[in-house]
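S.K.: Structure provided below as C-alpha cells; questions to follow.
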Amino acid sequence: MSDLSKVLFAPNALVATQLSHGVVYTRGRAYSADPPMDAVVVLGAFDGVHMGHRTLVAAAVEDARTRGVPCVVVTFDPDPAEVVKGPRAGDRLLNIHDRRNALLSLGVDAVVVVSFDRSMASLSPNDFVTCVLMDVVRPVSVHVGTNFRFGCGGAGNTATLEALGNKHGFYMHAHGLVEMGSSTVSSSRIRQRLRSGEVEEVSSLLGRSHFVRGVVRHGRGEGTSFGFPTANVCCDVHDCLPAEGVYACYLIIGNKAWPAATNVGAPPSFDSPRSAFLEASIVGFEGNIYDANVAVTFERWLRASRKFDSLGELKHTVLENIEWVRCNLGSSAKEVSA
C-alpha cells in the first residue's frame, strides 16, 4: 500500500520570487534568479512527476553536484499542451502547486514555473532559449528526455537544443525514456491505466499513489441513513479520476490520512443528474468536515459500479467494502509527514 510520505509534497520554508516570465520557488535560498546563476537545468512539463521524470531529475541533480552548481527545474503553467490543444476535462495528473512541490521534493535547488501562453507558444526554438530560458537561468548543461520538443509547432528537438547549446555555451543531455513492463512510462500511459481503474499499476508508474484534491460538500445523505456517513468530495473538472467504481483509499485531512472506501462517479442505485464525484465512507472518523479541503489517494480497485436490486443489497455490499478497507488499510488515521 501507499507510502504516505511520498504522496503529498507540502512545501517547507518555500521562497517565491517573481520573474518576468514566471516565478522561481526555492526551499531556502540555494538559487537566485536575479541575476540568473549558473545552473544545471531540467526542462519539461512533468505532469504527474512519474518514474521517468524522477529518473531524469536524479541524473540532473547528480550532474549539478559534480559541477558544484545548483540544479534548477524549468517547467510551465499551464501545461503547454493545454494552451496548444486546449484544456481537456479529466487529463491533469497534478495541479501546478503539487507538481512544483513534487519536483522540489526530488532534491533540486529551485523550480522555475514559466507562465505559458499563446505568445510563448509562437516563439521559435532559438527565441525560446534566448528570451525565456536564458532570462531565468544561465544553463551550464540542460537535461531533457529524448522525446522533448519545443518552439512553435514543436519545431525544436534534442538536435536543435544541442545546436543551440553549442551556440550559447551549454551542454545538452538527452536521456532515454524509462521502460516499465512492456512499454514506456509516460503521462498518457498513466491516464489510460487510470481510466481502466488500474490504480495499483499507476502507483508503480508514479512511484506513489495517485491522488486528487477537492472540497467536502453536502451530499444526498443516503450513507448516513445506512449507518455509515460519507464525505462527498467535489474535484476540479480537469483532474484525472480513475474509472467509475469503488476503491480502497486514504482521505487526507490536514496531516491525518483516514482509510476510506470511495465511490468514483454517481452511484447507479440512485437517480442523480450529477457529474462524476467522489463519495468516501471514512473508517474510524467522526466529526464535521463540510467545506474542508482534502486529498484522496487511490490504493486499490475493489469493485465496479453497478445498480443494486434493493437498498439492503447495497448496504451489505458497501459494508463489505468498508470491512476490506478496515482490515487492509487500518481502522484509524495515519500521520502524513510533510
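The values are calculated or read from the model by the stated rules, or taken from the named source; none is laboratory data. Worth saying up front: this structure is predicted, and the values here are computed from it rather than measured. All Cβ positions, glycine included, derive from the backbone under ideal geometry; neighbour counts span all protein chains shown.
S.K.: Being closer than 15 Å to residue 22 by Cβ and not hydrophobic (A, V, I, L, M, F, W, C) is the filter here; which residues of region 91-150 pass it?
M.R.: Hits for region 91-150 are 97, 99, 100, 115, 117, 119, 135.
S.K.: Does residue 223 satisfy the criteria of being modelled with pLDDT under 95, over 30 Å from residue 31 (Cα atoms), in a helix (DSSP H, G or I) and assigned by TED's automatic domain parsing to the domain that holds residue 116?
M.R.: When the stated conditions are applied, residue 223 does not pass them.
S.K.: While we're looking at this one, here's another question. Tally time: how many residues in region 56-79 are farther than 16 Å from residue 136 by Cβ and under 16 Å from the mean Cα position of the chain (by Cα)?
M.R.: Counting residues in region 56-79 that are farther than 16 Å from residue 136 by Cβ and under 16 Å from the mean Cα position of the chain (by Cα) gives 3.
S.K.: Would you call residue 126 of a type outside the set (Lys, Arg) and not in a helix (DSSP H, G or I)?
M.R.: Spelling it out, it is not the case that residue 126 is of a type outside the set (Lys, Arg) and not in a helix (DSSP H, G or I).
S.K.: Go through region 137-181 residue by residue and tally those that are more than 17 Å from residue 46 (Cα to Cα) and among the charged types (D, E, K, R).
M.R.: 3
S.K.: Of everything in region 129-140, what is of a type outside the set (A, V, I, L, M, F, W, C), touching a helix residue (DSSP H, G or I) at 6+ places or on another chain (Cβ under 8 Å) and either without any contact (Cβ under 8 Å) to a residue 24 or more places away in the chain or outside any strand (DSSP E or B) (or both)? Give them in sequence order.
M.R.: Hit for region 129-140 is 130, nothing else.
S.K.: Another one. Any residue in region 106-119 that is of a type in the set (Asp, Glu) and under 30 Å from residue 195 (Cβ atoms)?
M.R.: Yes, there is a match, as at least one residue in region 106-119 is of a type in the set (Asp, Glu) and under 30 Å from residue 195 (Cβ atoms).
S.K.: Among the residues of region 82-99, is there at least one that is touching a Phe, Trp or Tyr at 6+ places or on another chain (Cβ under 7 Å), charged (D, E, K, R) and within 24 Å of residue 184 (Cα to Cα)?
M.R.: Among the residues of region 82-99, at least one is touching a Phe, Trp or Tyr at 6+ places or on another chain (Cβ under 7 Å), charged (D, E, K, R) and within 24 Å of residue 184 (Cα to Cα), which makes the answer yes.
S.K.: Hey, among the residues in region 133-143 that are of a type outside the set (Ser, Thr, Tyr) and surrounded by fewer than 22 Cβ atoms within 10 Å (Cβ to Cβ), which one's modelled with the highest pLDDT?
M.R.: Restricting to residues being of a type outside the set (Ser, Thr, Tyr) and surrounded by fewer than 22 Cβ atoms within 10 Å (Cβ to Cβ), the top hit is 140.
S.K.: Condition first: among the aromatic types (Phe, Trp, Tyr) and over 16 Å from residue 85 (Cβ atoms). Now tell me which residues in region 141-159 satisfy that.
M.R.: 148
S.K.: Need a quick list: helices (runs of 4 or more DSSP H) entirely within region 148-209 having at least 3 residues that are at pLDDT 95 or above and assigned by TED's automatic domain parsing to the domain that holds residue 49.
M.R.: 158-168
S.K.: I'm trying to understand the selection: among the residues of region 282-338, which are part of a helix (DSSP H, G or I) and under 23 Å from the mean Cα position of the chain (by Cα)?
M.R.: Correct list: 329 only.
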